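First the structure, in the form of structure tokens, and then the observations on it.
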Amino acid sequence: MEDKTTEKSLSDLIVELVNVVSKYLRQESKETLESSVIKPLNHMKDRMIFGIIAAFLIGLSAIFVSVAVFLLLVKVVGSYWLGLGIIGIILLVGGFVLIGKAR
């Protein structure tokens with residue numbers, strides 16, 4: 001005597017198998033995506049934010065140091081225009097040196 005309530009048809013078993021496999025693959029792909037893509041991207045985002053902030057602060061400090069050196073040079077030389085000329089020559093020579101090294 002067979003019990004019809006516990007027996008499932010072949011099509012029901014196939015549908016259930018497809019559902020279980022589908023759920024498993026979604027779970028595994030979500031975990032894999034989270035561990036191999038999402039976490040590294042979040043880590044990279046944090047490093048990029050700190051890098052941008054650091055670059056901004058270094059640039060700002062370079063401006064302040066440049067102004068301080070210029071004011072010191074003007075005080076030592078005694079002329080505003082001569083100080084600008086010296087700074088301009090230094091920047092011009094530095095630019096040519098960098099262009100020469102780039103080739």
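Any read-out appearing in this document is the output of simple, stated calculations on the displayed coordinates, not a laboratory observation. Note that the structure is a prediction, hence the values are computed from the model and not measured. Positions of Cβ are backbone-derived with ideal geometry, glycine not excepted, and every protein chain shown enters the neighbour counts.
Overview of results
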quantity	calculated
Among Ile38, Phe56, Phe96 the positive-end extreme of the charge dipole of the chain (Cβ point charges)	Phe96
The chain, helix-only ellipticity at 222 nm - DSSP H runs n ≥ 4, -39,500 (n - 2.57), divided by all residues, nearest 500	-30000 deg cm²/dmol
For the chain, size of Cβ-based charge dipole, Lys and Arg +1, Asp and Glu -1, in debye	1060
Rounded to 10°, Cα long-axis angle of helix 10-33 versus longest principal axis of the chain	20
Choice from Ser61, Ser22, Ser11 showing the highest fluctuation, given a GNM over the chain with Cα pairs closer than 10 Å	Ser11
